[in-house]
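To start, the structure itself, in structure tokens.
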Amino acid sequence: LMARRKDRLADKLGTVYIVLIMAVPSLAYIFLFKAIGQWIGLPTAFDLENPAWIMYVLPVISLALPAAANLMKWLRRYMIDQMNAEHVKFARAEGLPEGQIFRSHVLKNAAIPIVHGIPAGVLGALVGAIITERVYVVPGAGNLLTGAINFYDNGVIVGVTLFYAVISVLSVILGDVLLAVMDPRISFGQKEG
């Protein structure tokens, strides 16, 4: 009974986190985290003269928290669907332990659509990094792209855009490969006919 209450509390806290993070635009989070970081004394801009790991804290938080909320939202949805599936009810009726049911049936099947969404997550991180790099003055491809746009440097714009296009194609291919690894119904072999 205590474990059930703890699970319900964790689910309610997770749902509140998801709603709060998803309700506010990501640009607002970037500036909110920058203001909070400045208030508690974290560096809000990269200092290449004196590099330190602490400079990465705010940009990573600004990119990770919205992405984690989106992942949690979908994983929760798919896990609820799997918990009510017939094969899970059958496994319970067979007397399998809840931990084994969760690992073998619920989590494994709920992860299949999540794996398919990995390319969108990679692309979302890239697009978010363009803004985040500009706000935190991170020396990266996103900051380079926005600087090139400001100075009308077409060669750099085309080069960075090509870089993002190649990363996008590779992430979609990686998502398909991971989906084939996770889902036993998909294979790369030829269909026999």
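Quick notes
- Residues of region 129-141 classified as assigned to a helix (DSSP H, G or I) and out of contact with any Ser or Thr (no Cβ under 7 Å at 6 or more places or on another chain), total: 5
For (1) modelled with pLDDT under 85; (2) surrounded by 12 or more Cβ atoms within 10 Å (Cβ to Cβ); (3) among the basic types (Lys, Arg), each residue gets a yes or a no:
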{"site": "Leu126", "(1), (2), (3)": "yes, yes, no"}
{"site": "Gly147", "(1), (2), (3)": "no, yes, no"}
{"site": "Ile157", "(1), (2), (3)": "no, yes, no"}
{"site": "Ile167", "(1), (2), (3)": "no, yes, no"}
{"site": "Val172", "(1), (2), (3)": "yes, yes, no"}
{"site": "Gln190", "(1), (2), (3)": "yes, no, no"}
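- Selection status of Leu42, farther than 16 Å from Gly121 by Cβ, open to solvent by less than 60 Å² (accessible area, probe 1.4 Å) and in contact with a helix residue (DSSP H, G or I) (Cβ under 9 Å, 6 or more places away or on another chain): yes
Results for (1) open to solvent by less than 50 Å² (accessible area, probe 1.4 Å); (2) over 17 Å from the mean Cα position of the chain (by Cα); (3) over 19 Å from Asp7 (Cα atoms), shown as yes or no for each residue.
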residue	(1), (2), (3)
Trp74	no, no, no
Gln82	yes, yes, no
Ala85	yes, yes, yes
Arg92	no, yes, no
Phe102	no, yes, no
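- Flag set for Pro113, criterion: of a type outside the set (D, E, K, R), at pLDDT 80 or above and over 30 Å from Ala35 (Cβ atoms).
The values are calculated or read from the model by the stated rules, or taken from the named source; none is laboratory data. Being a predicted model, the structure only gives us computed values, none of them experimental. Here Cβ is always computed from backbone atoms with ideal geometry, including for glycine, and neighbour counts include all displayed protein chains. The area values use the complete protein model at the heavy-atom level, side chains included, leaving out ligands, DNA and RNA. Shrake-Rupley method; radii C 1.70, N 1.55, O 1.52, S 1.80 Å.
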